[in-house]
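What follows is a single structure, and I will ask about it in a moment.
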Amino acid sequence: MRAARAGDEAAYRRFLAEAAPLARAAARAALARAGRGNAEVEDIVQETLLAIHLKRDTWSEDRPIGPWLNAIARYKLIDALRRRGARDAVPIDDLIDALPAPQGEPHADADVRRLVDRLPERSRRIVLAMSIEGRAAAEVGRELEMSEGAVRVALHRALKQLAELYRKADDAH
């Protein structure tokens, strides 16, 4: 990269040719961790190489190039996952007690509503919007001026709190 920045075009081509397999491996590994296939790998590699080209003047020659390259590749991967609608899953296995009771128990909905009403205002709004109304995290985030990720984290925490409220109510009976 130093030679490339000094005007050596052949060195720059070699640098990009060596960076491509690293970006490809990083993209494959990250997509696998995200539960995605390899169909998007080459798009992410091309976006990464383009970003390297456009941002090459931001690399400081007195620093290692690896962390700089990794940061660009990581941000391009995140951008790609966001564009293609990557979704985080919130495990609910440990929250089964907070779910509505089976049919045949007429007061179950009212009981669930009473528990939800005991949540803090923001948590209550998130649970109602996403779990009851079926709205998307992005939409709820815009409404509450929160990031989509923050809404998902808040939902997970609220569901845990709801499960605890249910356990306490059940213990009291």
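Identify, from the list E105, E61, the residue that is among the acidic types (D, E), part of a loop (DSSP other than H, G, I, E, B), exposed (fewer than 13 other Cβ atoms within 10 Å of the Cβ) and at pLDDT 85 or above.
Answer to the selection: E61.
A follow-up question, please. Does E148 satisfy the condition of being surrounded by 13 or more Cβ atoms within 10 Å (Cβ to Cβ) and under 16 Å from the mean Cα position of the chain (by Cα)? Explain how you work it out, then say what you get.
Details: surrounded by 13 or more Cβ atoms within 10 Å (Cβ to Cβ): yes; under 16 Å from the mean Cα position of the chain (by Cα): yes.
For E148, the condition - surrounded by 13 or more Cβ atoms within 10 Å (Cβ to Cβ) and under 16 Å from the mean Cα position of the chain (by Cα) - is met.
Would you check if there is a residue in the range 32-39 being part of a helix (DSSP H, G or I), surrounded by 15 or more Cβ atoms within 10 Å (Cβ to Cβ) and under 24 Å from the mean Cα position of the chain (by Cα)?
The answer is no; no qualifying residue exists.
Continuing with the same structure: Filter the range 48-75 down to the residues that are touching a residue at least 12 places away in the same chain (Cβ under 8 Å), under 24 Å from the mean Cα position of the chain (by Cα) and within 26 Å of A6 (Cβ to Cβ) and list them by number.
The answer is T48, L49, A51, I52, L69, N70, I72, A73.
If I filter the range 1-31 down to residues being free of Cβ contacts under 8 Å to residues at least 24 places away in the same chain and assigned to a loop (DSSP other than H, G, I, E, B), which single residue comes out as surrounded by the fewest Cβ atoms within 10 Å (Cβ to Cβ)? Spell out how you get there, then give the answer.
Our first condition is that a residue be free of Cβ contacts under 8 Å to residues at least 24 places away in the same chain; within the range 1-31, this holds for 3, 6-15, 17-18, 21, 24-25, 28-29.
Filter once more, so that each one left must be assigned to a loop (DSSP other than H, G, I, E, B): 6-8.
Numbers: A6: 10, G7: 8, D8: 13.
Selected residue: G7.
The values are calculated or read from the model by the stated rules, or taken from the named source; none is laboratory data. Computed from a predicted structure; not experimentally measured. Cβ sites come from the backbone with ideal geometry, for glycine too, and all protein chains shown count toward neighbours.
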